[in-house]
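K.L.:
Handing you this structure, nothing more for now.
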Amino acid sequence: MSTISFPDGFLWGGATAANQLEGAYLEDGKGLSIQDVMPQGIMTPRTDGPTDDNLKQVGIDFYHRYAEDIALFAEMGFKTFRFSIAWSRIFPKGDETEPNEAGLAFYDRVLDELERHGIEPLVTISHYETPLHLAETYDGWVNRDMIGFYERYVRTLFTRYGARVKYWLTFNEINSIVHAPFMSGGINTPKDQLSPTDLYQAIHHELVASALATKAARELAPNAQIGCMVLSMPVYPLTPNPDDVFAALTTERVNLAFGDIHVRGEYPGYYLRSLREQGVELTITDEDRTLLKENTVDFVSFSYYSSICETTDESKRVMGEGNLFGGVKNPTLKESEWGWQIDPVGLRLVLNQFWDRWQKPLFIVENGLGAKDQLVEIDGVKTVADDYRIAYLQAHLEAVGEAVADGVDLMGYTTWGCIDLVSASTAQLSKRYGFIYVDRNDDGSGSLDRYKKKSFDWYAEVIRTNGASL
Ligand code: BGP
């Protein structure tokens with residue numbers, strides 16, 4: 001037993017995204033999203049249209065099994081469940097004026113089920129699933145018209161679900177557009193042909209749209225709390241050389257800027273300087289500036305998986321993998337089977353840094369270990385002996401507890417992929433994060449049956465004791 005304690009009402013739970021688990025990719029009027037042309041993940045070019053090898057077409061069939069899955073989350077004692085709404089279920093092409101009722105009705109059913117179990121919904125409005133038509137016709141967020149399409153979409157969501165959903169995230173890992181412009185920003189222009197001006201203009205459009213979502217919530221769903229969602233990745237200097245220390249800060253600022261803008265409502269000087277140095281000239285209207293300034297977020301949410309290093313010494317730049325982007329490897333850390341370096345202290349650092357910097361409530365909405373699980377039979381019961389996952393989560397939650405003891409205002413913690421789902425980067429199912437094993441393989445075979453892993457009971461106990469069992 002440790003002395004770690006978490007606040008009363010702490011929102012323990014798990015996180016998912018529509019495109020990675022729902023399946024039913026053409027059901028009930030759903031349109032295609034960019035994910036339907038990404039069968040191999042982020043490392044290979046998009047396909048011209050949907051192909052049968054895309055595991056996301058079926059996902060884990062959450063679209064039809066949501067009640068069974070939510071019952072399992074309830075059995076673990078989840079206080080909250082993070083899921084995204086597939087934009088292309090609500091507006092199949094993205095630029096229509098009227099929403100698709102059958103798509104809206106699906107999320108009503110999901111919310112009914114959550115309510116039945118007393119689980120608080122945490123909704124991501126846009127999680128890497130821009131309607132494909134918007135990517136192909138408008139080049140995604142490069143085009144200013146996207147702001148209007150997104151605004152119509154969020155207003156539809158707040159009108160329909162505003163009384164039932166309190167916590168909303170405007171864009172998943174909004175800063176990831178810098179690294180994965182198609183997946184994150186629906187930008188159809190290949191990354192190597194995308195000019196810095198178009199990239200940063202797209203970012204500006206998303207930031208204005210995020211502020212507009214906050215504004216719309218104040219009007220349509222006054223009890224809603226709106227958060228930004230950033231991919232966090234602490235950057236350590238590889239050596240104590242002051243040049244390395246500053247290089248680490250410069251690399252980290254690429255990510256920090258997004259929180260700065262959402263919390264302070266204006267572009268920081270270091271960001272504007274970096275744009276000038278890249279020859280970027282942004283089109284920003286006076287109305288944009290006012291929107292950003294007047295509609296800052298209620299809380300800051302983030303994903304955390306690993307840290308990276310930085311150095312100015314080219315001969316020491318040994319690169320590693322990470323969540324959507326890697327960095328210089330840290331020689332002191334171990335790594336996952338996908339080369340993501342495991343660093344629980346980094347999570348405490350992020351929490352302390354974000355709280356000290358922004359003084360806004362924080363929410364860890366993604367953290368976890370992707371691993372190649374083996375389904376085995378123990379005492380006649382099929383399960384996964386995922387002690388490695390328990391060790392990962394235990395160490396990270398202990399680090400979280402230290403930050404909470406420092407006075408960090410933390411709203412909750414949702415592990416990524418609480419039930420196995422399709423990986424965002426590899427588009428495979430063999431990279432598993434869940435407490436619940438789903439019988440589906442990379443070749444699409446499998447019964448889709450669900451099995452509790454060893455970590456299922458472990459997490460249930462953590463939640464039952466509000467972290468005291470850690
Ligand atoms: C984040 C995404 C998620 C998710 C997670 C794990 O970048 O927000 O959608 O999948 O990372 O990444 P992966 O699935 O590539 O292991």
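K.L.:
If the requirement is being surrounded by fewer than 24 Cβ atoms within 10 Å (Cβ to Cβ) and among the β-branched types (Val, Ile, Thr), which of these qualifies: 465, 415? Explain how you work it out, then say what you get.
P.N.:
Numbers: 415 fails: surrounded by fewer than 24 Cβ atoms within 10 Å (Cβ to Cβ).
When all the criteria are applied, what remains is 465.
K.L.:
Kindly check whether there is at least one residue in the range 130-150 that is of a type in the set (D, E, K, R) and either under 22 Å from residue 225 (Cβ atoms) or touching a strand residue (DSSP E or B) at 6+ places or on another chain (Cβ under 7 Å) (or both).
P.N.:
First, pick out the residues of the range 130-150 that are of a type in the set (D, E, K, R): 136, 139, 144-145.
This time we only want the ones that are either under 22 Å from residue 225 (Cβ atoms) or touching a strand residue (DSSP E or B) at 6+ places or on another chain (Cβ under 7 Å) (or both), so: none.
No; the residues of the range 130-150 include none that is of a type in the set (D, E, K, R) and either under 22 Å from residue 225 (Cβ atoms) or touching a strand residue (DSSP E or B) at 6+ places or on another chain (Cβ under 7 Å) (or both).
K.L.:
Could you please let me know if residue 289 is more than 20 Å from residue 359 (Cα to Cα), of a type in the set (Lys, Arg) and touching a residue at least 60 places away in the same chain (Cβ under 8 Å)? Give the derivation first.
P.N.:
On the way: more than 20 Å from residue 359 (Cα to Cα): yes; of a type in the set (Lys, Arg): yes; touching a residue at least 60 places away in the same chain (Cβ under 8 Å): no.
No; evaluated as a whole, the condition is false for this residue.
K.L.:
Condition (residue is surrounded by 14 or more Cβ atoms within 10 Å (Cβ to Cβ), within 14 Å of the ligand (Cβ to nearest atom) and at pLDDT 95 or above) applied to the range 342-350: is it met by at least one residue?
P.N.:
Scanning the range 342-350 turns up at least one residue that is surrounded by 14 or more Cβ atoms within 10 Å (Cβ to Cβ), within 14 Å of the ligand (Cβ to nearest atom) and at pLDDT 95 or above.
K.L.:
Looking at (1) within 16 Å of the ligand (Cβ to nearest atom); (2) among the charged types (D, E, K, R); (3) farther than 20 Å from residue 64 by Cα; (4) in a loop (DSSP other than H, G, I, E, B), find the lone condition where residue 443 falls short.
P.N.:
Condition (1) is where residue 443 drops out.
K.L.:
Additional query: Counting only residues that are over 20 Å from the mean Cα position of the chain (by Cα) and in contact (Cβ under 8 Å) with a residue 24 or more places away in the chain, how many does the range 139-150 have?
P.N.:
So the answer is 8.
K.L.:
Which one is farthest from the ligand (Cβ to nearest atom), of the residues in the range 390-438 that are of a type in the set (S, T, N, Q) and part of a loop (DSSP other than H, G, I, E, B)? So that I can check it myself, show each step before the final result.
P.N.:
Initial filter on the range 390-438 (of a type in the set (S, T, N, Q)): 394, 414-415, 423, 425-426, 428, 430.
Still in the running and part of a loop (DSSP other than H, G, I, E, B): 423, 425-426, 428, 430.
Numbers: 423: 3, 425: 3, 426: 6, 428: 9, 430: 11 Å.
Ranking the qualifying residues of the range 390-438, first place goes to 430.
K.L.:
Another one. Mind checking which residues of the range 297-325 are surrounded by 20 or more Cβ atoms within 10 Å (Cβ to Cβ), more than 30 Å from residue 223 (Cα to Cα) and within 16 Å of the ligand (Cβ to nearest atom)?
P.N.:
Across the range 297-325, the qualifying residues are 305, 306, 307, 308, 322, 323, 324.
K.L.:
Test each condition in (1) in contact with a helix residue (DSSP H, G or I) (Cβ under 6 Å, 6 or more places away or on another chain); (2) over 21 Å from residue 265 (Cα atoms) for residue 226 and report the one that comes out false.
P.N.:
That leaves (2) as the condition not met.
Conditions tested, residue by residue: (1) closer than 30 Å to residue 9 by Cβ; (2) in contact (Cβ under 8 Å) with a residue 24 or more places away in the chain; (3) in a loop (DSSP other than H, G, I, E, B).
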{"site": "64", "(1), (2), (3)": "no, yes, no"}
{"site": "75", "(1), (2), (3)": "yes, yes, no"}
{"site": "81", "(1), (2), (3)": "yes, yes, no"}
{"site": "88", "(1), (2), (3)": "no, yes, no"}
{"site": "93", "(1), (2), (3)": "no, yes, yes"}
{"site": "106", "(1), (2), (3)": "yes, yes, no"}
{"site": "110", "(1), (2), (3)": "yes, yes, no"}
{"site": "129", "(1), (2), (3)": "no, yes, yes"}
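K.L.:
Same structure, new question: So is residue 377 assigned to a strand (DSSP E or B), more than 25 Å from residue 124 (Cα to Cα), more than 16 Å from the ligand (Cβ to nearest atom) and free of Cβ contacts under 8 Å to residues at least 40 places away in the same chain or not? Before you say what the answer is, go through the steps one by one.
P.N.:
Working: assigned to a strand (DSSP E or B): yes; more than 25 Å from residue 124 (Cα to Cα): yes; more than 16 Å from the ligand (Cβ to nearest atom): yes; free of Cβ contacts under 8 Å to residues at least 40 places away in the same chain: yes.
Answer is yes for this residue.
K.L.:
From (1) away from the ligand (no atom under 16 Å from the Cβ); (2) under 22 Å from the mean Cα position of the chain (by Cα); (3) within 18 Å of residue 231 (Cα to Cα), pick out the condition that doesn't hold for residue 271.
P.N.:
(2)
K.L.:
Something else about it: Just to be sure, is residue 451 among the aromatic types (Phe, Trp, Tyr) and under 21 Å from the mean Cα position of the chain (by Cα)?
P.N.:
On the way: among the aromatic types (Phe, Trp, Tyr): yes; under 21 Å from the mean Cα position of the chain (by Cα): no.
Criteria not met by residue 451.
K.L.:
So which of 289, 276 is away from the ligand (no atom under 16 Å from the Cβ), surrounded by 13 or more Cβ atoms within 10 Å (Cβ to Cβ) and at pLDDT 95 or above?
P.N.:
Values: 276 fails: surrounded by 13 or more Cβ atoms within 10 Å (Cβ to Cβ).
Result: 289 is the single residue among 289, 276 that is away from the ligand (no atom under 16 Å from the Cβ), surrounded by 13 or more Cβ atoms within 10 Å (Cβ to Cβ) and at pLDDT 95 or above.
K.L.:
Looking only at the range 20-52, count how many residues are hydroxyl-bearing (Ser, Thr, Tyr), in contact with a helix residue (DSSP H, G or I) (Cβ under 8 Å, 6 or more places away or on another chain) and within 16 Å of the ligand (Cβ to nearest atom).
P.N.:
Looking only at that region, the number is 1.
K.L.:
I would also like to ask the following. Pairs under 6 Å by beta carbon, first residue in contact (Cβ under 8 Å) with a residue 60 or more places away in the chain in the range 1-21, partner surrounded by 13 or more Cβ atoms within 10 Å (Cβ to Cβ) and assigned to a helix (DSSP H, G or I), six or more apart or different chains?
P.N.:
4/401; 12/463; 19/35; 19/56; 21/62
K.L.:
Does the range 42-59 contain at least one residue that is among the hydroxyl-bearing types (Ser, Thr, Tyr) and touching a residue at least 24 places away in the same chain (Cβ under 8 Å)? Before the answer, list the steps.
P.N.:
Taking the range 42-59 first, the residues among the hydroxyl-bearing types (Ser, Thr, Tyr) are 44, 47, 51.
Within this subset, residues satisfying the condition of being touching a residue at least 24 places away in the same chain (Cβ under 8 Å) are none.
Within the range 42-59, not a single residue is among the hydroxyl-bearing types (Ser, Thr, Tyr) and touching a residue at least 24 places away in the same chain (Cβ under 8 Å).
K.L.:
Kindly list, by first and then second residue, each pair from a residue in the range 165-178 that is over 14 Å from residue 130 (Cβ atoms) to a residue that is part of a loop (DSSP other than H, G, I, E, B) and of a type in the set (Val, Ile, Thr), limited to pairs with Cβ atoms under 9 Å and residues at least 6 apart or on different chains.
P.N.:
Pairs that qualify, where the first residue is over 14 Å from residue 130 (Cβ atoms) and the partner is part of a loop (DSSP other than H, G, I, E, B) and of a type in the set (Val, Ile, Thr), are 168/125; 169/125.
K.L.:
Something else: I'd like the full set of residues that are over 18 Å from residue 154 (Cα atoms) and surrounded by 24 or more Cβ atoms within 10 Å (Cβ to Cβ), limited to the range 178-189.
P.N.:
Matches in the range 178-189: 181, 183, 187.
K.L.:
Turning to a different aspect of this structure: Could we say that residue 391 is touching a residue at least 24 places away in the same chain (Cβ under 8 Å) and either under 23 Å from residue 127 (Cα atoms) or over 19 Å from the mean Cα position of the chain (by Cα) (or both) here?
P.N.:
On the way: touching a residue at least 24 places away in the same chain (Cβ under 8 Å): no; either under 23 Å from residue 127 (Cα atoms) or over 19 Å from the mean Cα position of the chain (by Cα) (or both): yes.
Answer is no for this residue.
K.L.:
Can you go through 38, 76 and tell me which one is touching a Phe, Trp or Tyr at 6+ places or on another chain (Cβ under 9 Å) and more than 26 Å from residue 118 (Cβ to Cβ)?
P.N.:
Details: 76 fails: more than 26 Å from residue 118 (Cβ to Cβ).
Result: 38 is the single residue among 38, 76 that is touching a Phe, Trp or Tyr at 6+ places or on another chain (Cβ under 9 Å) and more than 26 Å from residue 118 (Cβ to Cβ).
K.L.:
Being of a type outside the set (Lys, Arg) and either more than 16 Å from the ligand (Cβ to nearest atom) or buried (at least 19 other Cβ atoms within 10 Å of the Cβ) (or both) is the filter here; which residues of the range 326-335 pass it?
P.N.:
Answer for the range 326-335, where residues must be of a type outside the set (Lys, Arg) and either more than 16 Å from the ligand (Cβ to nearest atom) or buried (at least 19 other Cβ atoms within 10 Å of the Cβ) (or both): 327, 328, 330, 331, 332, 333.
The values are calculated or read from the model by the stated rules, or taken from the named source; none is laboratory data. Because the structure is a prediction, the values reported are computed rather than measured. Cβ coordinates were reconstructed from backbone atoms using ideal geometry, including for glycine residues, and neighbour counts include every protein chain displayed.
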